[in-house]
Amino acid sequence: MAEEILFNRTLDLAPGIVDAIAPGVRRVLVNNPGPFTFKGTLSYIVGRGKVAIIDPGPADAAHTAALLDAVRGETVTHIIITHTHRDHSPGAAALKAATGAPTFGEGPHRAARELFIGETARLDAGGDLEFVPDHRILHGDVIEGDGWELEAIATPGHTANHMAFALKGTGLLFSGDHVMGWSTSIVAPPDGSMSDYMASLHRLAVRSETVYLPGHGDVIRDAPAFVAKYIAHRHGREASILHRLGKGETDIPNLVRAIYIGLDPRLTGAAALSTLAHLEDLTVRGLVATDGAPSISGRYRLPP
Ligand SMILES: [Zn+2]
């Protein structure tokens, strides 16, 4: 059995409302609820007077207007992107046009590995292929604003270009979609990579921040314990896959049926890709065998 995580499936916030969630941090919810976004994407405003906006959200005129309303009388000096999914980064264009603020991000959307035939369509399904940051940031870079400093922490896995940001001196960390309080993160090849994802979880596990502000869902308190649960959950899922393969060769649809009990039918495709992500990782580690490169339609077995 996968390790159970105590998820917080409440978020007492209406779209467009400005919510002062922590000292020097406000959040605004996008009106884009759904099976992948929970109540919606959260944009964060950091600082007072001269502010950064983290994750301006989708191309949504009402949300951009809500953000501009929220910072009326203030200056937006930075637009910062955790990753290039369509619910996070496309709003940067309208916000930049309205404020003149430059954009910051790890880089344009890209796959975590080489694409196989037929995967191009899947790559751009959720990806924002338009966004190109004005300033590319690297792991360890510090983005300095007026009264705040954000340390960039490379956290690839959910996407190849995912970044988390620690608000220095506060114990707060903006975790994007890498760690979320309402659900596990989706790791779907070819955008996502499970090997990278696990390494990124371990990267956060040794840090000192205790409170995470995620891209979806409410604040995560006692974040180190939560990250440990996330890691244990993935190990549990791995064990379930290996256990099932121990009974004989099989394919991804059968693995999903055996492992994801009570799955929301709308998430079947995501579960299949997440299983593929685990199988890619297990194959690289020599724990699972398949013919050729791991693929969504492949057959999997324990190595001889
Ligand atoms: Zn998201």
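No value in this document is a laboratory result; all are computed from the given coordinates. The structure displayed is predicted, hence computed values, not measured ones. Every residue, glycine as well, gets a Cβ built from its backbone with ideal geometry; the counts of neighbours run over all protein chains shown.
How would you classify region 127-190 from its alpha-carbon gyration tensor, with a ≥ b ≥ c the square roots of the eigenvalues: rounded for a/c under 1.5, else prolate if a/b is greater than b/c, otherwise oblate?
Note, shape of region 127-190 comes out oblate.
Write down the percent of antiparallel bridges among all DSSP beta bridges whose residues are both part of region 112-214, to the nearest 5.
75
Hey, can you rank 167-175, 248-256 by average C-beta count inside 10 Å, highest first?
Going by the mean number of other Cβ atoms within 10 Å, highest first, we get 167-175, 248-256.
Calculate the spin-label point distance for residue 142 paired with residue 251, positioning each point 7 Å from the Cα along the beta-carbon direction, and give it in nanometres.
According to this spin-label approximation, the distance is 5.4 nm.
Compare the peptides 100-109, 234-243, 283-292, 180-189 by average per-residue count of other Cβ atoms within 10 angstrom and give them in order, highest first.
Output ranking for 100-109, 234-243, 283-292, 180-189: 180-189, 100-109, 234-243, 283-292.
So for the chain: antiparallel DSSP bridges make up what percent, rounded to the nearest 5?
Once the DSSP bridges in the chain are tallied, antiparallel ones form about 70 percent.
Can you give the FRET efficiency for residue 221 and residue 293, using 1/(1 + (r/R0)^6), R0 = 30 Å, r = Cβ-Cβ distance, to the nearest 0.05?
So, using R0 = 30 Å, E works out to roughly 0.15.
Residues in region 53-74, backbone N under 16 Å from the label point at residue 96 (7 Å along the Cα-to-beta-carbon vector): list them, ranges by number please.
Counting backbone N atoms under 16 Å from the label point, the list is 53-60.
For an R0 of 30 angstrom, estimate the FRET efficiency from the Cβ-Cβ distance between residue 229 and residue 115 and round to the nearest 0.05.
It comes to 0.35.
Would you mind getting me the FRET efficiency between residue 50 and residue 199? Use the beta-carbon distance for r and R0 = 41 Å, nearest 0.05.
0.75
I need the shape label for the chain. Rule: rounded when a/c is under 1.5, else prolate if a/b > b/c, else oblate, with a, b, c from the alpha carbon gyration tensor.
Judged from the Cα gyration tensor, the chain comes out prolate (a/c at least 1.5, a/b above b/c).
Points 7 angstrom from Cα along the Cβ direction at residue 22 and residue 7: gap in nanometres?
Rounded to a tenth, the inter-label distance reads 2.2 nm.
Note the full-extension length gain between residue 74 and residue 285 as 0.36 nm times their separation in residues minus their Cα-Cα distance, in nm to one decimal.
Here the answer is 70.9 nm.
Grab the chain and count how many Lys pairs have their alpha-carbon atoms under 26 Å apart, sequence gap of 8 or more, or different chains.
Within the chain, the lysine pair count is 6.
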